[in-house]
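Please read the structure below before turning to the comments.
The values are calculated or read from the model by the stated rules, or taken from the named source; none is laboratory data. Keep in mind that this is a model prediction, so the values were computed, not measured. Don't worry about glycine lacking a Cβ; one is built from the backbone with ideal geometry, like all the others, and counts go over all protein chains shown.
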Amino acid sequence: MTVLTPHMFLQPDGWMPAKGYANGVLAEGRMVFTGGLVGWNAQQEWEHTDMVGQFRQTLENIVAVLAKAGARPEHLVRLTWYITDKAEYLENLRGFGAAYRDVIGRHFPAMAVVQVVALMEDEAKVEIEATAVIPNE
C-alpha cells in the first residue's frame, strides 16, 4: 500500500489498479459533507447546458463549499455522481477528465457514477455529493 498524506488509498493485493478513482480511502480528521450540488452558479443560474460544462461548475461549487470549511480538493475522500445520460457521459470522457484535473487536480478519491432518470432541477444533467476529511493537526 502507498500512503499519501493525509489519506491512505486502499488497494487490495492482487487487484487491478483503479483508474481515475480509488477503491477505498482510509482517513482520520474533521469530516465535511456536501449536499447534492449541481452545475449552476452562485446565483442559481445555469451558464451551461452541456453535461461537461455543468460538471466543471459542479466541481467548482464543491471546492467553494470545501473552502468554507478550510478544506481543499486533496481532502476529498468520496464523490458520488448522479448523471442523467450515460451515453452523453461516455461520449465526453476526455472533457470530463480535463475538467476534473483542472478543478480537482490529480487527486482521485473513492467515486461512484450512477445514471438516474432525472434530477430535482430540470436543467441539471449532473449532481454530485462530496465527502472530505480535513486531517488532524
*Is it the case that residue 64 is aliphatic (A, V, I, L, M), surrounded by fewer than 16 Cβ atoms within 10 Å (Cβ to Cβ), within 14 Å of residue 125 (Cα to Cα) and modelled with pLDDT of 95 or more?*
no
*asked:* Given (1) aliphatic (A, V, I, L, M); (2) closer than 25 Å to residue 28 by Cβ; (3) at pLDDT 95 or above; (4) out of contact with any Pro (no Cβ under 6 Å at 6 or more places or on another chain), identify the lone condition not met by residue 93.
replied: (2)
*Would you mind stating whether residue 28 is among the acidic types (Asp, Glu) and either in contact (Cβ under 8 Å) with a residue 40 or more places away in the chain or closer than 18 Å to residue 104 by Cα (or both)?*
yes
*Pick from the stretch 103-129, criterion touching a Lys or Arg at 6+ places or on another chain (Cβ under 7 Å) and farther than 18 Å from residue 23 by Cβ, ranking: surrounded by the most Cβ atoms within 10 Å (Cβ to Cβ)*: 103
_Looking at the structure I just gave you, is residue 54 crowded, with 17+ Cβ neighbours inside 10 Å and over 27 Å from residue 24 (Cβ atoms)?_
yes
*Starting from the stretch 46-66, keep only residues that are within 20 Å of residue 86 (Cβ to Cβ), then list their pairs with residues that are assigned to a helix (DSSP H, G or I) and of a type in the set (Gly, Ala, Ser) whose Cβ atoms are within a distance under 7 Å, requiring at least 6 positions of separation or different chains.*
52/95; 52/99; 55/99; 56/99; 59/99
*What number of residues in the stretch 9-25 are free of Cβ contacts under 8 Å to residues at least 12 places away in the same chain, within 26 Å of residue 126 (Cα to Cα) and small (Gly, Ala, Ser)?*
0
